[in-house]
Amino acid sequence: MTSASPWKQDFPIFSSHAHPSLCYLDSAATCLTPKHVADAVYHYQCYSHANSHKGLYQLSANVTEKVEHARETVADFIGATSGASISFNSGTTEGINLIAFSFVEPILSDAYKKGKPSNLVISAVEHHANLLPWQRLAERYQAELRVVKITDEGIMDLAHLSQLLDNNTRVLAFSHCSNVLGRFNPAEQICRIAKRHHVPTIVDGAQAVAHGKTNVSAIDCDFYVFSAHKLYGPTGCGVMYGKTEHFEQMRPYQLGGGIVSKVNFTESDFVAGATKFEPGSHHVAGIVGLVEAIEYLHDISWPDIQQHMEKLALYLNTSLNELPYYQPLIVPSAKRLAAQPTEVASIVSFRLKNVHCHDVASLLDSNNIAVRAGHHCAQPLHETLGVTATVRASLGLYNDFSDVDKLVAGLDQAYQLMTG
Ligand SMILES: Cc1ncc(COP(=O)(O)O)c(C=O)c1O
């Protein structure tokens, strides 16, 4: 890799006078927007906007076609066999809630009525979005919420997983990649283990989809969810992939227009398929932006993206490791880092010895370096690892070696200022 990112110029924010020499290292929170995506959304809003699935006139029919075509694009992007398995929503959070209350809750309720015990299994790294819905359901149906431990490398401990799954496990929900540790779980292997116990699987793909080709067919999960904005698309738009055989038994948990085939004042019949989970109006601009983001990544190509990110991730980790006061939350083994740098290191969470994380982030901000500080919506994970907060730096396509150098210089300055 040359030291500069070949794609930085695609992101207008870097040439904006409002953010001079921005060093953006918070892509795990949200990715910045390439001009292609912003233009597509602008174009749609200015020249093609109408409501989908509602009007009989051409403008509306074109939008309906856009949305339906988007399902195919997304399906292809994540290796699903058909657009029929794709449902649009507002993001990963909504996707998980939808599955929790439309798919898992009826199963739990049924077991509860029959007096059977139930448990739900998640892992220790989960984002609150993949914890709170399960807490609510566990409480409602007196189910046990079991938490799989993580290894020293920050991935799911598979031996512990096997111990926790049993005939009363109603679901296994886990993140493909942790938003704090940046480690990829071996999703295929995990789903295989769950399958042996007949446990349905939900994969939170929020942090995984932008870092390499996702293949839900190979993973063989029952559901996979992600957000457009962590993929260089707009906020407020997300995707739930599900095996279509599940859709029939699922009842929509949010109700409204566009999802019914027949309604009277006492009852309603729902349409079949993924649309059943999309009440109200589609976020068409978001869907248009998502499709454009997918096409943008496609044009760059996964091998080029991965090559860039791997070199960068390795440089980030190596540079940070050289700081004597750097305390990473998890220390990736040198062997693992060398073998699969991206799989271990596009996101790093750390502390500086004797300096509060918020002070570090504020001092970095004064040098136009954007990182996140806090628990990153993974409070229990931080607690497990014995800390309350960390600084998180996460990489995107637009980053290059100079961003890492700026971060290291900024950290050094912050450390000297706070401890000198
Ligand atoms: C692993 C993970 N899951 C879920 C979410 C929630 O995503 P959203 O806010 O787009 O719904 C995030 C956001 O940071 C995340 O990193």
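The values are calculated or read from the model by the stated rules, or taken from the named source; none is laboratory data. A quick note: this is a predicted structure, and the numbers were derived from the prediction, not measured. Here Cβ is always computed from backbone atoms with ideal geometry, including for glycine, and neighbour counts include all displayed protein chains. Remember, those area values only see protein heavy atoms, side chains included, never the ligands or the DNA or RNA. Shrake-Rupley method; radii C 1.70, N 1.55, O 1.52, S 1.80 Å.
Of note:
- Every condition in (1) modelled with pLDDT of 95 or more; (2) touching a Leu at 6+ places or on another chain (Cβ under 8 Å) holds for residue 154 except the one numbered (1).
- Single unsatisfied condition, residue 212 versus (1) within 16 Å of the ligand (Cβ to nearest atom); (2) modelled with pLDDT of 95 or more: (2)
- Checking each residue in segment 55-84 for being outside any helix (DSSP H, G or I), more than 16 Å from the ligand (Cβ to nearest atom) and not hydroxyl-bearing (Ser, Thr, Tyr) picks out 55, 56, 79, 80.
- Any hit, segment 232-246, residues being assigned by TED's automatic domain parsing to the domain that holds residue 120, assigned to a loop (DSSP other than H, G, I, E, B) and over 21 Å from residue 94 (Cβ atoms): no
- Residue, most open to solvent (accessible area, probe 1.4 Å), within segment 252-272, restricted to residues that are touching a helix residue (DSSP H, G or I) at 6+ places or on another chain (Cβ under 6 Å) and of a type outside the set (A, V, I, L, M, F, W, C): 253
- Matching residues, segment 286-308, being part of a helix (DSSP H, G or I) and surrounded by fewer than 18 Cβ atoms within 10 Å (Cβ to Cβ): 295, 298, 299, 300, 302, 303, 304, 306, 307
- When restricted to residues that are within 18 Å of residue 30 (Cα to Cα) and open to solvent by less than 30 Å² (accessible area, probe 1.4 Å), segment 235-250 contains 3.
- Residues that are of a type in the set (S, T, N, Q) and within 16 Å of the ligand (Cβ to nearest atom), drawn from segment 123-170: 123, 130, 135
- Flag for residue 84 being buried (at least 22 other Cβ atoms within 10 Å of the Cβ), under 30 Å from residue 288 (Cβ atoms) and of a type in the set (A, V, I, L, M): no
- Pairs, first of a type in the set (S, T, N, Q) in segment 172-197, second in a loop (DSSP other than H, G, I, E, B) and more than 13 Å from the ligand (Cβ to nearest atom), C-beta under 8 Å, six or more apart: 178/154; 185/155
- Only residues that are within 17 Å of the chain's Cα centre (by Cα), surrounded by fewer than 18 Cβ atoms within 10 Å (Cβ to Cβ) and among the hydrophobic types (A, V, I, L, M, F, W, C) were counted across segment 114-156, and they come to 1.
- Residue match in segment 362-382 (condition: open to solvent by 60 Å² or more (accessible area, probe 1.4 Å), within 16 Å of the ligand (Cβ to nearest atom) and among the polar types (S, T, N, Q)): yes
- Evaluated against (1) crowded, with 19+ Cβ neighbours inside 10 Å; (2) under 18 Å from the mean Cα position of the chain (by Cα); (3) among the small types (Gly, Ala, Ser), residue 70 falls short on exactly one condition, (2).
- Of the numbered criteria (1) crowded, with 20+ Cβ neighbours inside 10 Å; (2) more than 16 Å from the ligand (Cβ to nearest atom), the one residue 197 fails is (1).
- All positions within segment 39-67 that are under 27 Å from the mean Cα position of the chain (by Cα) and either modelled with pLDDT under 95 or surrounded by 17 or more Cβ atoms within 10 Å (Cβ to Cβ) (or both): 40, 41, 44, 52, 63, 64, 66, 67
- Residue among 180, 203 that alone is within 23 Å of residue 309 (Cβ to Cβ), β-branched (Val, Ile, Thr), assigned to a loop (DSSP other than H, G, I, E, B) and within 14 Å of the chain's Cα centre (by Cα): 180
- Restricting 87, 102, 52 to those that are part of a strand (DSSP E or B) and either closer than 25 Å to residue 188 by Cα or touching an Asp or Glu at 6+ places or on another chain (Cβ under 9 Å) (or both) reduces the list to 87.
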